[in-house]
Amino acid sequence: MADSAETRKLVYLVTGGCGFLGEHVVRMLLQREPRLYELRVFDLHLGPWLEELKTGPVQVTAIQGDVTQAHEVAAAVAGAHVVIHTAGLVDVFGRASPETIYEVNVQGTKNVIEACVQTGTRFLVYTSSMEVVGPNIKGHPFYRGNEDTPYEAIHRHPYPCSKAQAERLVLEANGRKVHGGLSLVTCALRPTGIYGEGHQIMRDFYHQGLRLGGRLFRAIPASVEHSRVYVGNVAWMHVLVAQELEQRAALMGGQVYFCYDESPYKSYEDFNMEFLGPCGLRLVDTRLLVPYWLLMLLATLNALLQWLLRPLLLYAPLLNPYTLAVANTTFTVSTNKAQRHFGYKPLFSWEDSRTRTIRWV
Ligand SMILES: NC(=O)C1=CN([C@@H]2O[C@H](COP(=O)(O)OP(=O)(O)OC[C@H]3O[C@@H](n4cnc5c(N)ncnc54)[C@H](O)[C@@H]3O)[C@@H](O)[C@H]2O)C=CC1
Ligand SMILES: C[C@H](CCCC(C)(C)O)[C@H]1CC[C@H]2[C@@H]3[C@H](O)CC4=CC(=O)CC[C@]4(C)[C@H]3CC[C@]12C
């Protein structure tokens, strides 16, 4: 019944559909949206895995394009019912210039909004980030906070600044009249640190551990807690939001939702060890903590080296003053807003999420 041609009439566009999260959103849509007729996957770099999806009942259209190019975005959006905008430049390591980060994250989002308005697309889901809230430059902890928890969200780094600006644009666009006279309905999802199959930094830590003879050194005190969320659950939230936006436009339009699941609150390193431990790595004697002053010194040195070497080569290690501050500040989310507003329940338990991630690492 759900597979009959008459029930399949929706066209979805996923920007950034070949990224870590985007690929999971694409696959989740194909599994969980029976009304899907066409799925457009828009990305700067298309993945070869898209080919295998083209043999199913849904028309999968791969579009190689750039969100900073308004005409390319408008052509991809035209005729789509829903846009899930996950494309973004995720860079907290100084690989790209601040200008490029703004161009992709802010101008790219403006282009997506304007394309929806011009072409008459009514539903827009934006992948924001916990980073639009914090940790802030003052290093204030955010402990078991929700979408309404007061917090001084002040940033200096281009990545959180650009995500915050883009999120604001998306929320302000809610209610704008689109071509044809109907209103645009938008909302933003704010994942905390995402993990799961395809999480490149996890693999980087794994290889670093192997190079150090199977050991990793604790840099962050175990008492600093972070919320993390499994990529499959983040993808599921995107699909659910997209499905429910039409029916619940008055409630959900212009809203933000943290992405959460049953993953435990732990420090960044202890959480990673949930996967790296079973893969043969160990965190050396947990009482031996690299002193904070030494980390700060190394982080500052890395930033200086990055600046000095810039004309010759790109030096962009994981440790810099910004990543150290993020890793060293508690940021945990405790909310049920997504459940209240659109009936979200995690699709993958913590055990499932852990097993799938270990298998991938
Ligand atoms: N990875 C994480 O822990 C978190 C990610 N996010 C957000 O989730 C979204 C997806 O992030 P990830 O999947 O982790 O990153 P990713 O880098 O794996 O995926 C981003 C995708 O966007 C594409 N893209 C970049 N610039 C583009 C452009 N100019 N035009 C078209 N496509 C372009 C890339 O080719 C890539 O496939 C981003 O918006 C990010 O800000 C939010 C919270 C946490
Ligand atoms: C790379 C950091 C850990 C290295 C610290 C060291 C060297 C001392 O071990 C990562 C710590 C926290 C991560 C960020 C966090 O999960 C929130 C994020 C949200 C996003 O939207 C994008 C990614 C990220 C900024 C994530 C990036 C890596 C960390 C800084």
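None of the figures in this text is laboratory data; all of them are computed from the coordinates on show. Just so it is clear, the structure is predicted and the values come from calculations on it, not from any experiment. Here the Cβ is made from the backbone with ideal geometry for all residues, glycine too, and neighbour counts use every protein chain on show.
General remarks:
- In plain terms, the chain from GLU52 to TYR292 could stretch by 81.6 nm, reckoned as 0.36 nm per residue minus the Cα-Cα distance.
- Compared with the rule-of-thumb size 2.2 N^0.38 Å for a compact globular protein, the chain has a Cα radius of gyration ratio of 1.00.
- Applying both filters, DSSP loop and at most 15 other Cβ atoms within 10 Å, to the GluC sites (Glu not before Pro) of the range 127-189 gives GLU147, GLU152.
- Report note on the peptides 46-55, 234-243, 295-304: ranked by the mean count of other C-beta atoms within 10 Å, highest first, their order is 234-243, 295-304, 46-55.
- In angstrom, the C-alpha Rg and Dmax of the range 196-316 are 19.4, 56.
- Förster radius 41 Å - calculated FRET efficiency between LEU251 and GLN208 (Cβ-Cβ, nearest 0.05): 0.35
- Where labels lie 7 Å past Cα in the beta-carbon direction, separation of TRP307 and LYS177 in nm: 5.1 nm
- For the range 119-172, chymotrypsin sites (Phe, Trp or Tyr not before Pro) meeting the loop criterion (DSSP other than H, G, I, E, B) and having at most 16 other Cβ atoms within 10 Å: TYR151.
- For the range 314-330, 3J(HN,Hα) computed residue by residue from phi via the Karplus equation (6.51, -1.76, 1.60; θ = phi - 60°) reads 8, 10, 9, x, 5, 8, 8, x, 6, 5, 5, 5, 5, 5, 9, 10, 5 Hz, glycine and proline entered as x.
- Centroid-to-centroid separation of the range 49-70 and the range 312-340 [C-alpha atoms, Å]: 30 Å
- Among the listed pairs LYS110/LYS177; LYS54/LYS110; LYS266/LYS337; LYS54/LYS337; LYS138/LYS266, those whose Cα-Cα separation exceeds 27 Å are LYS54/LYS110; LYS54/LYS337.
- Using only alpha-carbon positions in the range 47-117, the gyration tensor eigenvalues give semi-axes of 25, 17, 9 Å once each is multiplied by 5 and square-rooted (largest first).
- For trypsin sites (Lys or Arg not before Pro), the sites in the range 125-170 that DSSP calls loop and that have at most 12 other Cβ atoms within 10 Å are LYS138, ARG156.
- The string of couplings for the range 91-101 from the Karplus curve (6.51, -1.76, 1.60, θ = phi - 60°) is 9, 10, 10, x, 6, 9, 6, x, 4, 5, 4 Hz, one whole number per residue in order, with x for Gly and Pro.
- Here the dipole of the range 180-326 is about 500 debye; that uses its Cα centre as origin and unit charges on the Cβ of Lys and Arg (positive) and Asp and Glu (negative).
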